[in-house]
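The values are calculated or read from the model by the stated rules, or taken from the named source; none is laboratory data. Owing to the predicted nature of the structure, the values given are computational and were not obtained by experimental measurement. No Cβ is skipped: glycine too gets one built from the backbone with ideal geometry, and neighbour counts run over all protein chains shown.
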Ligand code: GDP
């Protein structure tokens with residue numbers, strides 16, 4: 001069922017108007033959902049107008065899901081875990097959506113076939129929806145469009161959203177700003193667990209899962225858990241009292257998935273009851289508001305020919321030693337202000 005839906009959205013022939021798209025999303029039509037996400041990813045002006053109307057209409061039906069960001073190095077087993085966790089969620093009566101993002105363009109970008117082989121069971125299930133990464137031409141991979149895609153998925157009835165990104169140093173903080181809960185997936189190493197990961201990424205995590213805790217790896221995974229637990233105890237106290245758990249699991253053998261699920265439920269309950277969840281979502285909305293403004297300012301600033309003219313003239317005065325960088329910058333700013 002899913003295959004047909006996605007191929008149709010890729011080669012969409014039928015034209016829908018905005019109201020039809022909105023109604024289609026509300027009725028749970030994943031073909032139309034795919035179409036709408038393509039619109040929010042588009043940078044064409046006319047598409048932006050339509051996308052804006054659709055997202056606006058969807059806002060009131062959104063927000064009723066748990067949004068999970070998942071990161072970890074390539075090969076850690078994120079897709080296998082997403083498949084297992086997603087299936088577990090379906091078993092609990094949820095509808096699961098996966099938005100995968102790959103800012104490094106290291107993987108099979110935007111390839112439906114690529115994601116199909118990675119999350120096979122979810123792909124075949126009608127209560128699951130998988131949206132591959134935007135094409136590599138999209139700016140930065142993670143952006144306001146991903147946030148809008150989350151809103152559309154929620155309005156389409158998906159109430160368990162997983163946003164996957166490859167942990168290569170980019171994208172994590174943007175995904176953190178989209179998700180209620182941020183899960184870091186690691187694999188057992190040979191005692192040098194923490195060397196490969198940036199401190200900043202560990203600090204973003206709401207839980208760490210050591211995957212591939214099976215066979216010969218089980219003991220190593222248990223050791224890794226202790227190392228992570230110690231590192232987290234030293235550095236990490238969430239201001240609202242959440243103790244960041246470290247779990248082991250085998251996504252492949254589906255061992256420990258119930259423990260990961262329990263962590264998510266505990267987090268949801270605790271963060272909802274103390275008001276943190278809604279506070280965090282408000283902060284995130286504010287973040288994306290200013291993020292869009294900043295992107296707008298930057299794009300317009302750097303593509304302005306007058307700005308270029310003024311800056312390159314001032315740059316020359318710096319290079320020739322006629323003005324100090326500070327002086328030249330101040331002169332440039334006063335000229336820019338007159339534009
Ligand atoms: P991703 O790049 O993080 O999405 O990783 P994948 O989910 O594609 O998994 C990478 C490889 O690790 C695949 O060959 C999986 O079969 C394997 N793998 C994933 N989870 C486990 C696990 O729990 N145990 C073992 N032994 N292998 C796993």
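As for region 230-245, it holds at least one residue that is in the same structural domain as residue 120 (by TED's automatic domain parsing) and within 20 Å of residue 162 (Cα to Cα). Identify, please: which residue in region 12-29 is closer than 25 Å to residue 143 by Cβ and modelled with pLDDT under 95 and is, among those, surrounded by the fewest Cβ atoms within 10 Å (Cβ to Cβ)? By that ranking, first place goes to 12. Of all the residues in region 82-106, those that are out of contact with any strand residue (DSSP E or B) (no Cβ under 6 Å at 6 or more places or on another chain) and within 16 Å of the ligand (Cβ to nearest atom) number 8. Checked against the criterion of being away from the ligand (no atom under 16 Å from the Cβ) and within 24 Å of residue 224 (Cα to Cα), region 267-289 contains one or more residues that satisfy it. Being surrounded by fewer than 12 Cβ atoms within 10 Å (Cβ to Cβ) and not assigned by TED's automatic domain parsing to the domain that holds residue 184 is true of residue 298.
Taken over region 28-78, the criterion of being within 16 Å of the ligand (Cβ to nearest atom) and assigned to a helix (DSSP H, G or I) is satisfied by 78 alone.
Residue-wise test of (1) outside the structural domain of residue 261 (by TED's automatic domain parsing); (2) touching a strand residue (DSSP E or B) at 6+ places or on another chain (Cβ under 6 Å); (3) at pLDDT 95 or above; (4) farther than 24 Å from residue 268 by Cα.
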{"site": "185", "(1), (2), (3), (4)": "no, yes, no, no"}
{"site": "213", "(1), (2), (3), (4)": "no, yes, yes, yes"}
{"site": "220", "(1), (2), (3), (4)": "no, no, no, yes"}
{"site": "228", "(1), (2), (3), (4)": "no, yes, no, no"}
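Each residue in region 252-266 was checked for being free of Cβ contacts under 8 Å to residues at least 60 places away in the same chain and within 16 Å of the ligand (Cβ to nearest atom), and 4 of them qualify.
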